[in-house]
Amino acid sequence: MAEITKKPVGIMETVLRDAHQSLIATRMPTEIMLPIVEKMDKVGYHAVECWGGATFDASLRFLKEDPWERLRKLRDGFKNTKLQMLFRGQNILGYRPYADDVVDAFVEKSIANGIDIIRIFDCLNDLRNLQEAVNATNEIKKREGRGHAQIALSYTLGDAYTLEYWADMAKKIEEMGADSICIKDMAGLLLPYRAAELIKAMKEQTKLPIQLHTHYTSGVASMTYLKAVEAGVDVIDCAISPFALGTSQPATEVMVETFKGTPYDTGYDQNLLAEIADYFAPYRDECIKSGLMNTKVLGVNIKTLLYQVPGGMLSNMVSQLKEQKAENRYRDVLEEIPRVRKDCGEPPLVTPSSQIVGTQAIF
């Protein structure tokens, strides 16, 4: 009997960044994160996403925290685990383009303060807006031996977005000098069998590792991960169960159990994951009780496939409508979004294009 080749799938944990960005509008304070870091560090995650995206803005604007101090404290706690951030290409962590020297400096300071992997994306998948950040990361890697540039493609639906489009993009990304590729399915649009086709098509064009990021909004994410892993994806993004599902990611523990005893077995300790989940569970209850976690972002909405609205955008939109005492218009706004997106030329809905389209839909 032939020996089965083992290919353990890596898991990036999102609870410290995208999970709470998607469920509680990025409001998790540093003081909630720090006590559990030591246990999280023992799991053996591929990486922990803990910075970038909306965390920088939310830390300053709403939590009155220093985001750099958060990063340094997390770096001190994670002795054995790589830390990952989300970087908006030429927009850095803002909402407009910045000069190349500012991009270079921000990349340098991010790595100096503790980031290992920089996931770089552009809301229009314009690779020109990613090149400077990749170059800056590679320069530091050449000089200091650290820093990993991952380019994320914002997955979306539309006539232009064929398998050939994505495969060609994968080839170009390798030519740019990136270390890995992420398929960033920010709205939960990628269906299971389509995911298998997509991974295979991209793997034919590149030798770079491929990571898959999705959201549970449409209810298919766990199945999408299963088919993607079978097709050869290297890493999947998951969230510990109290901050999983809904507009967040599939639960870490569920995916670990799914692949147990298979060639893709992660080898993670479920007892340790249970302790981490037990830590976050009371905070989740507190968020629901206070209204910070709105039940609208917890369910499954198959109409996401029509709306194409990313998880982080949904939680923020609910929060903004609540402030304006217009929660009853939630469905109306969702139905308006595809019309506005079509008028704009069908861009992927991810920061800042999601904010532009979403704001116009509300108006």
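Observations
- Dipole of the chain, positive direction: furthest Cα of Thr206, Gly358, Gly44, with charges on the beta-carbon: Gly358
- Cα-based reach from Lys260 at 29 Å (exclusive), listing lysines while leaving out same-chain residues under 8 positions away: Lys6, Lys7, Lys39, Lys42, Lys79, Lys82, Lys184, Lys200, Lys203, Lys207, Lys227
- Net charge dipole size for segment 74-139 [Lys, Arg +1 and Asp, Glu -1 on Cβ; Debye, nearest 20]: 340 debye
- GNM top mover of Thr258, Thr351, Thr26 - the chain, alpha-carbon springs below 10 Å: Thr258
- Restricting the GluC sites (Glu not before Pro) of segment 204-272 to loop positions (DSSP other than H, G, I, E, B) with no more than 10 neighbouring Cβ atoms within 10 Å leaves Glu204.
- Gyration tensor (alpha-carbon) shape descriptor, segment 238-363, a/c threshold 1.5: oblate
- Along segment 95-109 the Karplus relation, 6.51 cos²θ - 1.76 cosθ + 1.60 evaluated at θ = phi - 60°, assigns HN-Hα couplings of 10, 8, x, 10, 5, 4, 5, 6, 4, 4, 5, 5, 4, 4, 5 Hz to successive residues, with x for each Gly and Pro.
- Amide proton proximity set for Cys182, modelled H, under 5 Å, gap of 5+: Ile151, Ala152, Leu153, Gln211
- Prolate/oblate/rounded label for segment 251-317 (Cα gyration tensor, a/c 1.5): oblate
- Span from the segment 6-76 Cα centroid across to the segment 167-235 one, whole angstrom: 23 Å
- Scalar couplings 3J(HN,Hα) for segment 288-295, obtained by applying the Karplus form with A = 6.51, B = -1.76, C = 1.60 to θ = phi - 60°, are 5, 4, 7, x, 5, 9, 7, 4 Hz; x denotes Gly and Pro.
- Cα gyration tensor shape of the chain, rounded if a/c is under 1.5, else prolate or oblate by comparing a/b with b/c: rounded
- Electrostatic dipole magnitude of the chain [Cβ: Lys, Arg +1; Asp, Glu -1; Cα centre; debye, to 20]: 360 debye
- Applied to segment 19-31, the Karplus parametrisation 6.51 cos²θ - 1.76 cosθ + 1.60 on θ = phi - 60° returns per-residue 3J(HN,Hα) values of 4, 7, 5, 7, 9, 10, 6, 6, 9, 6, x, 4, 5 Hz, with x for Gly and Pro.
- Per-residue ellipticity at 222 nm, computed for the chain from helices alone with -39500 (n - 2.57) per DSSP H run of at least four residues, works out to -13500 deg cm²/dmol.
- Whole-Å distance, taken between Cα centres, linking segment 275-291 and segment 91-162: 33 Å
- GNM flexibility winner over the chain from Met28, Met202, Met176 (Cα, springs under 10 Å): Met176
- Applying a DSSP loop filter and a limit of 11 other Cβ atoms within 10 Å to the trypsin sites (Lys or Arg not before Pro) in segment 273-329 leaves Lys325.
- Positive-end extreme of charge dipole, the chain - chosen from Tyr268, Ala149, Ser319 (charges on Cβ): Ser319
Quick note: the coordinates plus some simple rules give every number you see, no bench work behind them. Just so we're clear, the structure is a prediction, and the values are computed from it rather than from any experiment. Here the Cβ is made from the backbone with ideal geometry for all residues, glycine too, and neighbour counts use every protein chain on show.
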